[in-house]
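Values quoted throughout were computed directly from the atomic coordinates according to the rules given, and no laboratory measurement underlies them. Every value quoted in this text rests on a predicted model; they were computed, and no experiment measured them. Please note: Cβ atoms are built from the backbone with ideal geometry, for glycine as well, and neighbour counts cover all protein chains shown.
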Amino acid sequence: MNKLLIFILLVVMQKVTAQAPIFKDKFDQTIKVLNFATFHMGYTNDANSTEFDENDAKNVADAHKIAKLLSEFKPTVIIVETPPSYNPTLQKSYQAYLDNPKMEIKDPNEIELLAFELGRLAKTLKIFGIDHKMGYNYGIGYQLASTKVNDKTYEKYATQIDTEETKLNYDNLSLLKKFKVENNQQYLDFLINVNADMLTYVSTEGKFEGADEAAKFYQRNLRMYSNLNQIDLKPTDRVFIIMGGAHTAFFNEFMKRSPKYELVNPFMYLK
């Protein structure tokens, strides 16, 4: 059987097995959203971080190349991971960058390196932050290691992920390839799993310590999503969101079910 015939059969099988919608769940006019996952390029207090010299000339140039690719989305609004209370300062900084893109920025992060440059190229005028800070105990899985009840699922998963991440060789990938990993659906699912869902395997008898910590992370992301929904967006807007990958993963889930938003595949631009 030739390769073309095999391809045709696979396409037909996918169409046959795919479930057709049983009712309309999106508005006639939806807001297009490019929800983009990144690692934090500058200082972060996240439990996990990526080594990246944000002041290195090559790294800056590479980031700007990615910004140019993503600018083809032509967003009218940019959303970043800063609190709404910071919006006046954020907008002032963005305008300063638009006025002078060669300005010196000390220790830039993904907002200056990607969001600002993308916005400049796309002539985007609006930028807002939607972050909401909430603490939760990342390390509870290890803190309860000797007292929790389960079949060691949490530990086995951690070991497996360490092995797979070594195979992935993430730290030695180019910036473009790093972003292709960050925005891969399997990787986004992993980020929800490792940051939240796996904690449901961590509890002492009759209690819910891990689940309660996971719920805090869900709550943080829901509040961030609520912050987004408080922004006056028009159906004609095109929204570019750039956040740490775990937030991107949650927002993908929220937006897939939302009647208001329509997700745009970032791989249309990561070429």
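Are any of the residues in the range 233-247 among the small types (Gly, Ala, Ser), under 21 Å from Tyr142 (Cβ atoms) and surrounded by fewer than 20 Cβ atoms within 10 Å (Cβ to Cβ)? No, there is no match, as no residue in the range 233-247 is among the small types (Gly, Ala, Ser), under 21 Å from Tyr142 (Cβ atoms) and surrounded by fewer than 20 Cβ atoms within 10 Å (Cβ to Cβ). Looking across the range 242-271, the residues that are in contact with a helix residue (DSSP H, G or I) (Cβ under 8 Å, 6 or more places away or on another chain), assigned to a strand (DSSP E or B) and either among the basic types (Lys, Arg) or closer than 13 Å to Leu188 by Cβ (or both) come down to Met243, Leu263. I'd like to check something: does the range 219-239 contain any residue that is part of a loop (DSSP other than H, G, I, E, B), free of Cβ contacts under 8 Å to residues at least 12 places away in the same chain, over 26 Å from Met41 (Cα atoms) and charged (D, E, K, R)? Checked the range 219-239: at least one residue is part of a loop (DSSP other than H, G, I, E, B), free of Cβ contacts under 8 Å to residues at least 12 places away in the same chain, over 26 Å from Met41 (Cα atoms) and charged (D, E, K, R).
Residues Ile192, Ile161: which one is closer than 17 Å to Ala246 by Cα, over 16 Å from the mean Cα position of the chain (by Cα) and part of a helix (DSSP H, G or I)? Spell out the reasoning first.
Numbers: Ile192 fails: over 16 Å from the mean Cα position of the chain (by Cα).
One residue alone meets the criteria, Ile161.
What single numbered condition from (1) of a type outside the set (A, V, I, L, M); (2) out of contact with any Phe, Trp or Tyr (no Cβ under 8 Å at 6 or more places or on another chain); (3) surrounded by fewer than 18 Cβ atoms within 10 Å (Cβ to Cβ); (4) closer than 22 Å to Phe52 by Cβ fails to hold for Lys180? Going through (1) of a type outside the set (A, V, I, L, M); (2) out of contact with any Phe, Trp or Tyr (no Cβ under 8 Å at 6 or more places or on another chain); (3) surrounded by fewer than 18 Cβ atoms within 10 Å (Cβ to Cβ); (4) closer than 22 Å to Phe52 by Cβ one by one, Lys180 breaks only (2). Of all residues assigned to the range 173-180, at least one qualifies as being part of a loop (DSSP other than H, G, I, E, B), more than 21 Å from Gln143 (Cβ to Cβ) and either among the charged types (D, E, K, R) or over 11 Å from the mean Cα position of the chain (by Cα) (or both).
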